[in-house]
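Presented below is the structure to which this report refers.
The values are calculated or read from the model by the stated rules, or taken from the named source; none is laboratory data. This one's a predicted model, so the numbers in the text were calculated from it and none came from an experiment. All Cβ positions, even for glycine, are placed from backbone atoms using ideal geometry, and neighbour counts span all protein chains on display.
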Amino acid sequence: MAARRRSRRELLPEPVVVEALAHDGRGLARIEGKAAFIAGALPGERVRFLRTRRHRRYDEGECAEVLVPSAERVAPRCPHFGVCGGCSLQHLDPAAQVREKQGWLLDNLRRIGGVAPREVLPPLTGPVWGYRRRARLGVRDVPAKGRVLVGFRERGGRLIADLRTCPVLHPWVGERLEALSALVGSLSVRARLPQIEVAIGDEAGALVFRHLAPLAPEDRERLRAFGAETGLQVLLQPGGPEALEPLDPEAPPLAYAVDGGAVVIRFQATDFTQVNAAINRAMVAQAMELLDPRPGERVLELFAGLGNFTLPLARRAGAVVSVEGEAGLVARARANAEAHGACNVEHHVADLARDPTGAPWLAGGYDAVLLDPPRSGAEAVVGHLGATGARRILYVSCGPATLARDAAVLAAQGYRLAAAGVMDMFPHTAHVESMALFERA
C-alpha cells in the first residue's frame, strides 16, 4: 500500500541550502537526509522552506523567503509568475537555464541510457520572450470575479490563472488576454467555451474557439469583429480537431518557412507545429547538417507530421519515406510536398506506438533515419531501426528520459552516440528539447 500523503503547510524553523536544480525546475535540498523539492529556489541559495506536502522519501514545498540569493537569480518579467503554471524558471538567468538543461540531458543519457556523446553540441538558443506561437488557453467564466479568465493553469492546480498579459506568448495574443476575456464575457456561450487554441504562422495568426453550445448570431458577429480589429483569423470548433469553421473562409493560409526560406509549410490551426519559430529554423538546419543526407540516399522519417523535416530532406536525399500516425497530418504533408514538387517522397499512415513488424515502409533498407517522436519516445519502433541498415540515425527529442531509454536500445544494436545537445524551445520552463546523432560503431 502506498504511503499516505500529508498536505499540511508548515514553515520549517531552520533555513535550508539548495544543492541543485531538479529536472522539473524546482530547487533540491536535503533536510536530515531527506530530499526536499522547493519551487522558486535556485542552487546555492539559502532559503526558508514552506513544506506543503510530505511523502515517505521526499517533501515538497515553496520558497517562503530567499535569505542568500544566487548570483543567477533575476527578476521575473511576468507579474503572474509563481501563480501561473506556464513558466517555472523566469527567476533564473536564461543562460543558466540552458546550462541546467544541457546538464539534465547528459545526466539522463548517462544514468538511464548508459551512454555519453562523443561531442556535446552547443545549445540552440533564440529569443526568450514572445516566442510561443502555439498554445491552448483555458477559459472559465467566474461570476465571483466578474470576468472570464483566459490563460494557463495555475501552478500545481487545475484552476485557470487570472492573467492580464503573458510575455512568453507571441505578442499578437500575449498582449490581448484582457481583450479576449472581455470578448468571451460578451458571448452568450461564455460558460460553455472551455478553450482557445493559439496558432501563429510567419505572416498570419489564428484563434480557435472551442464551444460546447451553439453560438447565437450576435456571438458570431462579435467574434468576426474581433478578428477584423486584430488581424487574427477566428475559427470555431464545435467538435474534434478537424471540425473547424473559419469565420473568414477567404483568409490566407497559415504557414511558416524553414531551410532558408526554400520550404514553406502550410498548416491548419489545430495541427501540431513547433512552438518556437526561431529554434525550429535552427533545429531543421542543424538536423540537415548532422544527418547529411545526400543524392542517391534513401532516408526513413518517423513521426513526420506536416513535413517539417521531410521537405528539407527531400531537397537533399534521393528518396524519403515519411511515416506519421495522424491521417489528417499526412494529407496535409502530401499537399505540402506536392506544392514543392517533391516527387521523391513516399507517405505512409501508421501507428508508431505499435510494433511495426511486417510494415511495408520498414522494408527495403535505408542509409539514414530521422525520428521526432512525442515525449513518450519511440519504444515500439526503435528496436527495429538496426535492421534498416541505416548508418546514421538522428533522434529529435522532447523528453530526455525517453531519449536515454531509446539510446540504450540503439546502443545494443551497434550504434554509438556521436553527438547530442539541447535546443531551448521553451525558455523559462523545465521542458528539454534535444537532438542526438547515432552512428554505426
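Filter the stretch 49-59 down to the residues that are surrounded by fewer than 19 Cβ atoms within 10 Å (Cβ to Cβ) and not hydrophobic (A, V, I, L, M, F, W, C) and list them by number. Result: Thr52, Arg53, Arg54, His55, Arg56, Arg57, Tyr58.
Does the stretch 156-174 contain at least one residue that is among the charged types (D, E, K, R), closer than 30 Å to Glu62 by Cβ and either touching a strand residue (DSSP E or B) at 6+ places or on another chain (Cβ under 8 Å) or at pLDDT 95 or above (or both)?
Yes; the residues of the stretch 156-174 include at least one that is among the charged types (D, E, K, R), closer than 30 Å to Glu62 by Cβ and either touching a strand residue (DSSP E or B) at 6+ places or on another chain (Cβ under 8 Å) or at pLDDT 95 or above (or both).
Selection of the stretch 424-441 for residues being more than 12 Å from Val275 (Cα to Cα) and buried (at least 21 other Cβ atoms within 10 Å of the Cβ) yields His428, Val432, Ser434, Met435, Ala436, Leu437, Phe438.
Listed by position, the helices (runs of 4 or more DSSP H) enclosed by the stretch 91-186 that each have at least 2 residues that are closer than 30 Å to Leu394 by Cβ are 94-108.
Restricting the search to the stretch 193-241, which residues are acidic (Asp, Glu), part of a loop (DSSP other than H, G, I, E, B) and under 21 Å from the mean Cα position of the chain (by Cα)? Listed by number, the list holds a single entry, Asp202.
Cβ separations smaller than 7 Å between residues 6+ apart or across chains give the following pairs from the stretch 286-303 residues that are assigned by TED's automatic domain parsing to the domain that holds Ala342 and at pLDDT 95 or above to residues that are basic (Lys, Arg) and surrounded by 20 or more Cβ atoms within 10 Å (Cβ to Cβ): Leu291/Arg392. Only one residue in Gly399, Gly377, Gly358, Gly365 is farther than 18 Å from Leu290 by Cβ, in contact with a Lys or Arg (Cβ under 9 Å, 6 or more places away or on another chain) and surrounded by fewer than 17 Cβ atoms within 10 Å (Cβ to Cβ). Which one? Just one listed residue meets the conditions, Gly365. Just name the residue that is nearest to Pro217 (Cα to Cα) out of those in the stretch 145-189 that are basic (Lys, Arg) and surrounded by fewer than 18 Cβ atoms within 10 Å (Cβ to Cβ). Restricting to residues being basic (Lys, Arg) and surrounded by fewer than 18 Cβ atoms within 10 Å (Cβ to Cβ), the top hit is Arg147.
Yes/no per residue for (1) in contact with a Cys (Cβ under 6 Å, 6 or more places away or on another chain); (2) among the small types (Gly, Ala, Ser):
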| site | (1), (2) |
| --- | --- |
| Arg391 | no, no |
| Ala401 | no, yes |
| Ala412 | no, yes |
| Arg416 | no, no |
| Asp424 | no, no |
| His428 | yes, no |
| Met435 | no, no |
| Glu439 | no, no |
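Among the residues that make up the stretch 73-91, is at least one of them among the charged types (D, E, K, R) and over 27 Å from Val128 (Cβ atoms)? Within the stretch 73-91, not a single residue is among the charged types (D, E, K, R) and over 27 Å from Val128 (Cβ atoms).
Quick grid of which residues meet (1) in a strand (DSSP E or B); (2) aromatic (Phe, Trp, Tyr); (3) under 17 Å from Ala430 (Cβ atoms); (4) within 28 Å of the chain's Cα centre (by Cα):
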position	(1), (2), (3), (4)
Ala41	no, no, yes, yes
Arg51	yes, no, no, no
Glu60	yes, no, yes, yes
Ala64	yes, no, no, no
